[in-house]
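The structure appears right after this line, and notes come after that.
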Amino acid sequence: MLKIGLLGFDKLAHSHIDVVQKLPDCELVGFYEPAQSSYQKYGIHKAIRKFTDFELFINAVDVVDVIDSGKDVFRYASYALKRFKHLFLNKAVLGNLEDANYLINLSKEANVKMQLAESARYDQTFMLAKSYVQQPFLIECVRKINEIEGKSHVVHDLMIKDLELILSLTGSPVKKINAHGFNTVNGSIDLASVRLEFDNGCVANLSASTVAENEIVSTIIHQRNQQVQIDYLNQSIKVIDFGQKSKGKSEHQINSSVKNANNAGFEKEFLSFISSIETKAETNITIEESYQALELSNLIVSKINLAANNL
């Protein structure tokens, strides 16, 4: 029986708790909130235990599910690995590549599993659409939401999801990055536009915004004689076959038979993580693959900062 504990408690905590409590051979033992106050804002869920001492928390768990995004998350994560605890955390909290590398190496030294979460690749609509993708030459990603209260960088927090998807579709190194970002409201970059060129000739155009009036989350994949359109909000896929000129084009709509719940991607990813612990096998998405998206997001942020300094 794997004992799982949450490090932190925010708006994601309830969905994580719901998933963990459904897993066979797993026990949710409680949570530790470093701030010792923010959990009150989101409410205690099903009276799970609240630890007030971090050492007691670490001693009680086998797996640490990191929800906290505070400044001390690296210190807590490092300590958990040094105590031979398996670690699941959102890569968005690791903007520093040096910190990410340190944790990855520490997990290997401790011989424990560590997962940099990226549930976008476990999205049911994306997984279905990927079966139609062959050799894309142009990928267009738009991810626009309305979350003005947020203050984090739009590339690390939002665009990184599309970077994960694009890297999995192209399977090719990036050779050129062109990036621009803008601070419109939050004191941080909340609007970004990026163009990526890959070694295999594929090009990707990405735009992301947290200050959009109308929310759009979509991907359009162009490949020879075909276009695959993914609408994540409506969980639908449209495949357009252009064929020969004499035959004209044909299109068909595909609605995912498995509807995405709010936490469906996380549930599949966390289940894969737990399975890798139990079987001592690799996760479906390796930590090296996860790191690539984090590394690319940092390169893009550097390009944005450079462009801003040259204005």
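The values are calculated or read from the model by the stated rules, or taken from the named source; none is laboratory data. Everything numeric in this text was worked out from a predicted model, so none of it was measured. Cβ placement follows ideal geometry from the backbone for every residue including glycine, while neighbour counts extend to all protein chains displayed.
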(request) Test residue 164 against the stated conditions and say whether it is charged (D, E, K, R) and within 18 Å of residue 291 (Cβ to Cβ). (result) yes
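Identify, from the list 110, 120, 100, 60, the residue that is closer than 16 Å to residue 286 by Cα, among the aliphatic types (A, V, I, L, M) and surrounded by fewer than 21 Cβ atoms within 10 Å (Cβ to Cβ).
On the way: 110 fails: closer than 16 Å to residue 286 by Cα; 100 fails: surrounded by fewer than 21 Cβ atoms within 10 Å (Cβ to Cβ); 60 fails: closer than 16 Å to residue 286 by Cα.
Of the residues listed, the single one that is closer than 16 Å to residue 286 by Cα, among the aliphatic types (A, V, I, L, M) and surrounded by fewer than 21 Cβ atoms within 10 Å (Cβ to Cβ) is 120.
If you go through segment 82-110 one residue at a time, how many are in a strand (DSSP E or B) and modelled with pLDDT of 90 or more? It would help to see each step written out before you state the result.
First, the residues of segment 82-110 that are in a strand (DSSP E or B): 86-90.
Going one step further and asking which of them are modelled with pLDDT of 90 or more, we end up with 86-88.
Here the count works out to 3.
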(request) Working only within segment 275-308, note down all residues that are at pLDDT 85 or above and part of a loop (DSSP other than H, G, I, E, B). (result) 280, 281
(request) Could you tell me whether residue 189 is among the hydrophobic types (A, V, I, L, M, F, W, C), assigned by TED's automatic domain parsing to the domain that holds residue 125 and not in a strand (DSSP E or B)? (result) yes
(message) Being polar (S, T, N, Q), modelled with pLDDT under 90 and either within 28 Å of residue 159 (Cβ to Cβ) or in a loop (DSSP other than H, G, I, E, B) (or both) is the requirement here; does residue 78 meet it?
(response) no
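Looking only at residues in segment 1-17 that are modelled with pLDDT under 90 and either touching a His at 6+ places or on another chain (Cβ under 9 Å) or charged (D, E, K, R) (or both), which one is farthest from residue 64 (Cα to Cα)?
Of all residues in segment 1-17, those modelled with pLDDT under 90 come to 8-17.
Then drop every residue that is not either touching a His at 6+ places or on another chain (Cβ under 9 Å) or charged (D, E, K, R) (or both), which leaves 9-11, 13-14, 17.
Numbers: 9: 13, 10: 15, 11: 17, 13: 13, 14: 16, 17: 13 Å.
Here the answer is 11.
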